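Here's the structure we're looking at; comments come further down.
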Amino acid sequence: MTAFSPPQPRPGASASPATSAGRPGLGDRPAGPSLSPSRAADFKTCPLLFRFRTIDKLPEQPSADQVRGTLVHAVLERLFDLPAAERTPESAVALVTPEWERLLANEPDLGTLFATPVPASPSSSDPLSRTSSAAVPGGGAAGEDAGVGHATELVRDPAAVAAEADAAGQIALVDAPAGAAEAARLAAFLTSARDLLGGYFAVEDPQRLEPAERETLISTMIDDELLIRGYIDRLDISPAGDLRVVDYKTGGAPREAFEGRALFQLKFYALVLWRTRGVVPRVLRLLYLKDAEVLDYSPDAGELERFERTLIALSNAVERAKRDQDFRPKPSRLCGWCSHQALCPEFGGTPPPFPTSPTAGLPTDSEPDRLATPVRDDAVA
């Protein structure tokens, strides 16, 4: 088994200009096209979703499930600030409340997540739960399931509803006294975050690890004009120079649709590291904390070359869609996780007018399972 520990700096070596823990400022961003794993995955999933998030910059209220993911990521990052001997389950649990208070101080609106209950989880026999279209601007009569035809009702994936109920502490309300529901939901939320940390310790022993980098922004140029970049949760480097990219996932081990997206994200990181450091990562590792499962994947140079061509083609498609102002919806089961159904033609909605200056400003980028954290203070396109 390869031992991973901090690398020893080479004599005279300098930091890679394309990989910076110092977080390059917005002025370092070139004027040309750029892609991050999240936005690239958005376009692959649904071009209209990409437009809503990247061009229209429509606001999205973070869910309790996303916020819990952000909290757990923050705790795991802080855990490695401690001396190795102190990286215990008890220490991690003790970090939950102060990290939550830090998140809340930076984003006070997060506290409103627990003011009202979430909808009840739908029956597992229903392929997708439905919300009455009467509450939807431009909503129509009942239609077909998303992913099959043109739906005219809002839908929610049962897994999304269940995840939100779990994170928001819905179950804790059964015996909550009057007036104490919000506090009960918050307490259950923090407890569920602590439980996820147990999943982490079931698959790793942080006392035996010394990550080389954490929450690092990495970037590079490909095809002479396309900037690709993103944040790595953790990078381990062995004394021999082997790289292991580690990404924490606070949900359960994914269904097929989400596993593909997760591996796409890691291949993105692997390509940047290969192009900037000349080393193909030995291992791309996904840690699924809810189920205490590990998914390892080992890419090769040929695969990353093909992936690079895929990203170039994807960027060309994005630029063509911008030029033509043509971002079409792509219905699928993932519609059940989307917060913009009311504006989607597949659900009887109408998108807002295309911005007159769609390239103005920078879109805020966040990972698929969490919102932007205070640590991530650079917008990533």
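The values are calculated or read from the model by the stated rules, or taken from the named source; none is laboratory data. No experiment lies behind these values; they were computed from the predicted model shown. Cβ: placed from backbone, ideal geometry, glycine included. Neighbour counts: every protein chain shown. Side chains are part of the model used for accessible areas, which takes the heavy atoms of the whole protein and leaves out ligands, DNA and RNA. Shrake-Rupley method; radii C 1.70, N 1.55, O 1.52, S 1.80 Å.
Okay, here's what the table says:
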| read-out | value |
| --- | --- |
| Extension gain from VAL294 to ALA202, taking 0.36 nm per residue of separation minus the Cα-Cα distance | 32.1 nm |
| Set LYS290/LYS330; LYS57/LYS267; LYS44/LYS290; LYS44/LYS322 screened for pairs whose C-alpha atoms are more than 24 Å apart | LYS290/LYS330; LYS57/LYS267; LYS44/LYS290 |
| Computed lengthening from SER238 to ARG306, 0.36 nm per intervening residue step minus Cα-Cα distance | 21.8 nm |
| Residue-normalised accessible area of segment 45-116, given per residue in Å² at a 1.4 Å probe | 40 Å² |
| Within the accessible area of segment 205-361 (1.4 Å probe), percent carbon and sulfur | 47 percent |
| P(r) histogram, all alpha-carbon pairs of segment 243-324 included - 5 Å bins from 0, percent | 3, 14, 22, 20, 16, 13, 8, 3, 1, 0 |
| Inter-centroid distance (Cα atoms) of segment 190-225 relative to segment 38-72, Å | 20 Å |
| Separation of the SER339 and LEU58 label points, Cα + 7 Å toward Cβ, nm | 1.1 nm |
| Estimated FRET transfer efficiency when R0 is 30 angstrom, pair LEU104-SER332 (beta carbons, to 0.05) | 0.30 |
| Segment 32-90: C-alpha gyration tensor shape, a/c 1.5 cut-off, then a/b vs b/c | prolate |
| Potential lengthening between ASN316 and ASP195 on full extension [0.36 nm per residue; Cα-Cα distance subtracted] | 39.2 nm |
| Approximate spin-label separation THR112-THR350, in nm, with each point projected 7 Å along Cα-to-Cβ | 2.7 nm |
| Highest to lowest packing among 242-249, 80-87, 69-76, scored as the average C-beta count within 10 Å | 69-76, 242-249, 80-87 |
| Solvent-accessible heavy-atom area per residue, rounded to whole Å², over segment 290-339 at 1.4 Å | 60 Å² |
